[in-house]
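Read the structure below first, then the notes.
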Amino acid sequence: MTSSSGASRRQVLAVAAAAATAPLIAGAPAQAAGSKGPKTWDLTILGTSDTHGNVYNWDYYRDAEYDDSKHNDVGVAKLATLVNQIRAERRGRATLVLDSGDTIQGTPLATYYAKQEPITTTGATHPMANAMNILKYDAVTLGNHEFNYGLPLLAKWITQLGFPALAANAVNEATGKPAYLPYVIKEVRLGGHGAPKLKVGILGLTNPGVAIWDKSNVEGKLVFADMVETAARWVPVMRARGADVVVVSAHGGDSGTSSYGPELPNENPCTMIAERVPGIDAILFGHAHNEVVEKFVTNTRTGVQVLLSEPSKWGQRLTRMDFTLTRERGRWKVATKHATMLNTNTVVEDPAVLAAVRGQHNKTVAYVNTVVAQSTVELSAADSRYQDTPILDFINHVQTEVVTDALAGTAYAGLPVLSIAAPFSRTAVFPAGDVRIRDVAGLYVFDNTLEAVVLTGAEVRAYLEYSAKYFTTLAVGAPVDPATISDPAVPDYNYDVFSGLDYDIDISRPVGQRITRLVLPGTGTPVADDAQFVVAVNNYRRSGGGNFPGIVKTQVYNAQQEIRQLLIDWAQERGTIDPADFYVPNWKLVREGEPVEFPSA
């Protein structure tokens, strides 16, 4: 076990003491004295999720205030303002604040303190710990992206938090015991001195997909149990230890589907948790980046309506769950519950949060504005989903070059090297002239590392067929609109483009029958099923992310080099980015052999 094991054992030991040591939070009756009907009290739970390293309302890739087509804002500083407003409004009444994960990855700010100046070596407090401690969360659940930078960095971040980090289904493989705190019980006072107290149990569940997506960081150290089964194990324990209300904070969506195969527990099981596990009052969930204001799911065993809510992503939204409680025969009962959603674009940023992270924010801004090269022309990713573009070839060229050089003199040196890249961003641009780190980071927004495997010609074809399901079926003569050419159920990052072979994708044909031409470059010779190729690919995909066929196999190259840094290094070493050095058009969309024509901009 890594250095996180010591912190993990301390967390497990803290479970039993959580209820006794949790601070009291003042509350007040929700119903005025003297009014008719049973006396009621109220509880509010505020929820965030998938903040992904956003503190300031800032777009580091554009070096400007964040904005999108819907004028959303982002960041913990905005969330803090809303939370503080609600706390002020509810002064004297019980309010808890939770987060359901994916916190320390996603922006150059987060990457900087994991890679350039990692908190594990500098001793600095992570910017997300600085920000979240100012906001005074009551608990955070670990998301899958918390494991991206390895267990030592995660353990260090957890020690910097002023509140518990939860993950009941992350299990120490050696001991079979929880690797992190499974739950916490917070005791709140519902009224002034002498008023009754309420114990709120908060169960944290992380995503089983970590076992695939961060296999290199967790294999042999952690296993990830089924979220439904884990909830069924721990909810009765929490109830037995006095929890009057139980809230699950889960890093998994509600769709019941998985991006990977059936070999792992379900990726998005929150609806199933609500249906199958008795004793849950509400579920705050994340991971899918959706805005689910209020959803009720009936538990099939008890008939109780479980309240679910998901607050979008990046700090754009804040979930507010309101509960009305009554006390009957010495036991608390939830009389009513509902959820609303608040938009952070309605408030200014909290100055205390900004101040806590200002130095780290400024250092990151300076870093991402470092010039790495000059581009001879503007290169845009806007069309890269449906047309072969130089900017995606830039990624594939660098990956191919790195793998080819690394395999020189090995048994694989004689095999052709192919490369795979996905159009992560529709807005990435290398401007003509100065290209900065933020431009490269905007093209490759994930912290993936480069690997390589050997695929046969048949496996390459199957992979391309799977990737081609990204496109909607458009008959010959049907109008083509880039805005609707892709299946909305398939995210852009799950569409892969190959370099090193020439191929056509016929979007008039059914899924699985779309690769109508797959030939060796320069010769036109069809690729034989038994041909062998080395394929450069990112660790997410090679580990099974996206459930692409044939790619999960032993690597022939894995130097743990971050692809984004390889792109930056390549640009810095050459000083010039010129499409003539790497752009090789090799694929196109067709219908019955005729190239698909797109409207001119």
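The values are calculated or read from the model by the stated rules, or taken from the named source; none is laboratory data. All figures in this text were calculated on a predicted structure; none of them were measured in a lab. FYI the Cβ positions are ideal-geometry reconstructions off the backbone, even for glycines, and counts take in every protein chain you see. What goes into the accessible areas is simple: the full protein's heavy atoms, side chains included, and nothing from ligands, DNA or RNA. Shrake-Rupley method; radii C 1.70, N 1.55, O 1.52, S 1.80 Å.
Observations on the structure shown:
- Exceedance of the 30 Å cut-off in Cα-Cα distance is limited, within the set Lys295/Lys553; Lys197/Lys221; Lys215/Lys313; Lys78/Lys177; Lys295/Lys363; Lys295/Lys333, to Lys295/Lys553; Lys197/Lys221; Lys78/Lys177; Lys295/Lys363.
- Tensor-based shape of region 49-175 (alpha-carbon gyration tensor, a/c under 1.5 rounded, otherwise prolate or oblate): oblate
- Ligands, DNA and RNA are left out, and with a 1.4 angstrom probe the accessible area of the chain is 38 Å² per residue.
- Region 204-300: relative contact order as a whole-number percent, Cα under 8 Å and 6+ apart: 30 percent
- Derived value for region 512-601: Kirkwood hydrodynamic radius 17.1 Å. Basis is the mean of 1/r over every pair of different alpha-carbon atoms.
- Computed about its Cα centre, the charge dipole of region 275-381 is approximately 560 debye, with only Lys, Arg, Asp and Glu carrying charge at their Cβ.
- The dipole here belongs to the chain: it is taken about the Cα centre, uses +1 on the Cβ of Lys and Arg and -1 on the Cβ of Asp and Glu, and is about 3660 debye.
- In the chain, Cα pairs under 8 Å separated by at least six residues give a relative contact order of 14 percent.
- Folded to 0 to 90 degrees: helix 563-574 orientation relative to the chain principal axis, Cα: 50 degrees
- Remark: region 68-80, residue by residue, has Karplus-estimated 3J(HN,Hα) of 9, 5, 9, 6, 6, 10, 9, x, 5, 5, 6, 4, 4 Hz, where x stands for each Gly or Pro and the curve is 6.51 cos²θ - 1.76 cosθ + 1.60 at θ = phi - 60°.
- Longest to shortest principal axis, alpha-carbon extents of region 165-249, angstrom: 52, 20, 19
- Amide H contacts for His287 (H built 1.01 Å from N in the peptide plane; partners 5 or more residues away or on another chain; cut-off under 5 Å): Asp50.
- Taking 37 °C and 0.692 mPa s as conditions, region 451-598 diffuses translationally at an estimated 194 µm²/s according to Stokes-Einstein applied to its Kirkwood radius (Cα pairs).
- Amide proton proximity set for Ala428, modelled H, under 5 Å, gap of 5+: Ala381
- 3J(HN,Hα) from dihedral phi, region 135-152, Karplus parametrisation 6.51/-1.76/1.60, rounded to Hz, x for glycine, proline: 6, 6, 4, 9, 6, 10, 8, 6, x, 5, 6, 5, 8, 4, 9, x, 5, x
- Dividing the summed helix terms, -39500 (n - 2.57) for each DSSP H run of n ≥ 4, by the number of residues in the chain produces a 222 nm estimate of -7500 deg cm²/dmol to the nearest 500.
- All Cα-Cα distances of region 356-503, cut into 10 Å bins from zero to the largest, leave 9, 32, 33, 20, 6, 1 percent in each bin in turn.
- Rolling a 1.4 angstrom probe over the chain with all protein chains present gives an accessible area of which 51% lies on carbon and sulfur atoms.
- Alpha-carbon spread of region 39-112, three principal axes, descending order, Å: 53, 22, 18
- Simple label model, 7 Å out from Cα along Cβ direction - Val371 to Ala408, nm: 3.1 nm
- Rounded FRET efficiency, nearest 0.05, which uses the C-beta distance separating His193 from Lys588 and R0 of 60 Å: 0.20
- Our compactness index for region 289-404, the C-alpha radius of gyration over the empirical 2.2 N^0.38 Å, is 1.86.
- A dipole drawn for the chain from +1 and -1 charges on Cβ atoms has a positive end, and of Gly176, Ala571, Gly303 the residue lying farthest that way is Gly303.
- Among 107-113, 152-158, 465-471, 510-516, the peptide with the highest mean count of other Cβ atoms within 10 Å heads the list, and the full ranking is 107-113, 152-158, 465-471, 510-516.
- Top positive-direction residue, dipole computed over region 517-568 with Cβ charges, set Asn558, Pro521, Gly546: Gly546
- Close amide H contacts of Ala335 (hydrogens built in the peptide plane, cut-off under 5 Å, sequence separation of 5 or more or a different chain): Thr324, Leu325, Thr326.
- For region 85-100, the Karplus equation 6.51 cos²θ - 1.76 cosθ + 1.60, evaluated at θ = phi - 60°, returns couplings of 5, 5, 4, 5, 4, 9, 3, x, 10, 6, 9, 10, 10, 10, 9, 10 Hz by residue, with Gly and Pro reported as x.
- Relative contact order (percent, whole number), region 297-407, Cα cutoff 8 Å, 6+ residue spacing: 14 percent
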